[in-house]
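Contents: one structure, followed by commentary.
The values are calculated or read from the model by the stated rules, or taken from the named source; none is laboratory data. A quick note: this is a predicted structure, and the numbers were derived from the prediction, not measured. Note that each Cβ is placed from the backbone with ideal geometry, even for glycine, and that neighbours are counted across all protein chains shown.
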Amino acid sequence: MVSNQTVKELLAEQLISWPMARTGYEALREVQSKELDINGYTFRVQFNPARIRSSAANVDAKAIQERPCFLCRQNLPAQQKALPFGEGYSILVNPFPIFEQHFTIPAVKHEDQLIHGRLTDMLELAALLSDFVLFYNGPKCGASAPDHIHFQAGNKGFLPVEADWRRAAGQPAVRHNGTSVYALKGYPVPMLVLTGDNAAAITGLFDRIYSLMDTGTEAEPMMNLLAWVEDGQWILCVMPRTLHRPACYFKEGDGNLLISPASVDLGGVFITPQAKDYEKITSHHIREILQEVCLSEAGIQEIIHKLTKSLQVDA
């Protein structure tokens, strides 16, 4: 049975029995951190060298095809143990943590990283793991395994957005079937936040939003998701993306910053795996990166406009 207790027990056991995990969590104690003001909100920047594997991951189709999938059961380290969830998922300790308690939750079957039809699973996990925030990185939005569907979970109290989103929420832009949709105003990361106590209603509204978002040439609209349960209500942050990696990722020389934003970064903690980037990065850099990779507030308002019209048509 999946619960806060059983996943914490899994972590405790793996820290004893699996040296790679133990090394990863010991390294977390050495992580450096600093705070920066972004539009009146506090973001953190962390220097976490172990995350170079994720930030620098080559996720083009050829590289993905040529490497063994590290989330498939047959390729997991022998000492990595799995806690089953539902019919088709395993909960694993992440050996390269950002959070003090960090889990990866891959599907047992090797299927593409696509959220469509799987939000219900994410919300169910968020309810069972109420001490944690669940997150989903789209295939070109920070997922280092875009070929294998997976969620991640990290302990609550780490991401600034958990508390800060309410400051930027104002009144709901849309109310439908007991679910409220907020379009954050003035927050560094333009996003939609869905709240409610009915997972099916939230999923229905999310599916409608999903259908209204621009897919471009991708298999699904680019997005990062965060979900958690608070006071009996689900909170789902939908962060639409326009770009996988910012220009600074590809620059050479002084202009280079090896930052590949994913859910954690958009949640208010920017991860820098290189010391040079940690020392150099400023509020200006973060604002610039967010403007490049995130849909604008105007784009969010356009989704709200389409959503409102779509609900009126069906009324």
Next on the checklist: Please verify whether Leu258 is more than 18 Å from Phe135 (Cβ to Cβ) and touching an Asp or Glu at 6+ places or on another chain (Cβ under 9 Å), treating the condition exactly as stated.
Outcome noted: yes
Item to check | Meets criteria (assigned to a helix (DSSP H, G or I) and surrounded by 20 or more Cβ atoms within 10 Å (Cβ to Cβ)) for Ile202 | outcome: yes
Item to check | Out of Phe151, Phe158, Phe132, sole residue that is surrounded by 22 or more Cβ atoms within 10 Å (Cβ to Cβ), at pLDDT 95 or above and within 16 Å of Leu266 (Cβ to Cβ) | outcome: Phe151
Next on the checklist: Can you tell me how many residues within the range 97-131 are out of contact with any Phe, Trp or Tyr (no Cβ under 6 Å at 6 or more places or on another chain) and over 22 Å from Arg22 (Cα atoms)?
Outcome noted: 18
Checklist entry - Of all residues in the range 74-115, which are out of contact with any strand residue (DSSP E or B) (no Cβ under 7 Å at 6 or more places or on another chain), surrounded by fewer than 19 Cβ atoms within 10 Å (Cβ to Cβ) and more than 22 Å from Pro221 (Cα to Cα)? => result Gln74, Asn75, Leu76, Pro77, Ala78, Gln79, Lys81, Gly86, Glu87, Lys109
Item to check | Those residues of the range 169-182 which are touching a residue at least 40 places away in the same chain (Cβ under 8 Å) and surrounded by fewer than 22 Cβ atoms within 10 Å (Cβ to Cβ), in sequence order | outcome: Ala173, Val174, His176
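Would you mind finding the one in Ala163, Ala247 that is out of contact with any strand residue (DSSP E or B) (no Cβ under 7 Å at 6 or more places or on another chain), free of Cβ contacts under 8 Å to residues at least 60 places away in the same chain, surrounded by fewer than 22 Cβ atoms within 10 Å (Cβ to Cβ) and under 30 Å from Lys8 (Cα atoms)? Give the steps one after another, and end with the answer.
Values: Ala247 fails: under 30 Å from Lys8 (Cα atoms).
Of Ala163, Ala247, the one residue that is out of contact with any strand residue (DSSP E or B) (no Cβ under 7 Å at 6 or more places or on another chain), free of Cβ contacts under 8 Å to residues at least 60 places away in the same chain, surrounded by fewer than 22 Cβ atoms within 10 Å (Cβ to Cβ) and under 30 Å from Lys8 (Cα atoms) is Ala163.
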